[in-house]
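Data first, discussion second: the structure below is written as structure tokens.
The values are calculated or read from the model by the stated rules, or taken from the named source; none is laboratory data. This one's a predicted model, so the numbers in the text were calculated from it and none came from an experiment. Reconstructed Cβ throughout: ideal geometry from the backbone, glycine too, with neighbour counts over all protein chains shown. Just so you know, the surface numbers come from the protein's heavy atoms only, side chains and all, with ligands and any DNA or RNA stripped out. Shrake-Rupley method; radii C 1.70, N 1.55, O 1.52, S 1.80 Å.
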Amino acid sequence: MNLSDFQISAERTMVAGMPAEQLMLNAALGMCGEIAEFDQAVLSTWGNVPPLFDEAGDLLWYVAQMCRAMGKSIAAVPPEPGVFLGWGIETTIQSLYRNTGWIADATKKRVFHDKLINPFDMLAALQAVVGGVEHILSMYHFRLEQALERNHQKRLARHPGGFSYETANARADEAPE
């Protein structure tokens with residue numbers, strides 16, 4: 001699955017009709033939570049690949065949501081080849097925390113202090129998040145597309161008819177077998 005297809009799939013499970021600032025706030029808060037979960041999955045990855053894919057996909061879902069709030073597609077923030085060349089896991093995770101923190105702070109200032117966000121800065125931060133996730137996945141010999149597809153399948157199981165609060169709370173994809 002590529003980034004454009006992921007955006008289409010992700011929008012199926014986003015709350016319809018949410019004002020852009022609320023969507024931005026939800027996306028910023030979601031990214032902050034998911035980066036911590038992604039970090040934990042990276043720390044415990046040896047032999048435990050599903051959480052790495054799950055958390056990478058969840059983090060990218062919130063990136064797609066932020067892009068939607070900005071009237072863009074996540075395809076507008078593809079990872080730039082070579083940016084993370086030579087970076088280890090710890091440095092890349094620190095970059096992910098810095099960028100998601102910047103996104104959260106810029107969103108807070110927009111929503112609560114009416115400060116404009118430079119869209120180029122926001123897109124650069126989102127691009128750094130996508131690139132950091134891709135870099136870490138590549139360190140484990142995985143591709144970004146694999147995490148996107150796994151997240152797509154998880155959301156299809158959870159929300160077969162599209163987003164609803166009922167399916168979000170029921171989490172059918174996590175039901176015991």
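The single condition from (1) among the aliphatic types (A, V, I, L, M); (2) open to solvent by 30 Å² or more (accessible area, probe 1.4 Å); (3) at pLDDT below 95 that ALA124 fails is (3).
Filtering GLY86, GLY101, GLY82 for residues that are under 24 Å from GLN40 (Cβ atoms), out of contact with any Gly (no Cβ under 8 Å at 6 or more places or on another chain) and surrounded by fewer than 19 Cβ atoms within 10 Å (Cβ to Cβ) leaves a single hit, GLY101. Within the range 40-60, track down each residue that is of a type in the set (Gly, Ala, Ser) and either in a helix (DSSP H, G or I) or surrounded by 18 or more Cβ atoms within 10 Å (Cβ to Cβ) (or both). Of everything in the range 40-60, those that are of a type in the set (Gly, Ala, Ser) and either in a helix (DSSP H, G or I) or surrounded by 18 or more Cβ atoms within 10 Å (Cβ to Cβ) (or both) turn out to be ALA41, ALA56, GLY57.
Of the residues making up the range 20-71, those that are over 10 Å from the mean Cα position of the chain (by Cα), β-branched (Val, Ile, Thr) and farther than 19 Å from GLU149 by Cβ number 1.
Of all residue pairs spaced 6 or more apart or on separate chains, those with beta-carbon atoms under 9 Å, a first member in the range 105-131 that is closer than 22 Å to THR91 by Cβ and a second member that is acidic (Asp, Glu) and open to solvent by 20 Å² or more (accessible area, probe 1.4 Å) are GLN127/GLU80; ALA128/GLU80; GLY131/GLU80. What about GLY71, is it over 17 Å from ASP121 (Cβ atoms) and surrounded by fewer than 15 Cβ atoms within 10 Å (Cβ to Cβ)? Here the answer is no, as GLY71 does not meet what is asked. Within the range 6-39, the set of residues being touching a residue at least 24 places away in the same chain (Cβ under 8 Å), acidic (Asp, Glu) and surrounded by fewer than 16 Cβ atoms within 10 Å (Cβ to Cβ) comprises just one member, GLU21.
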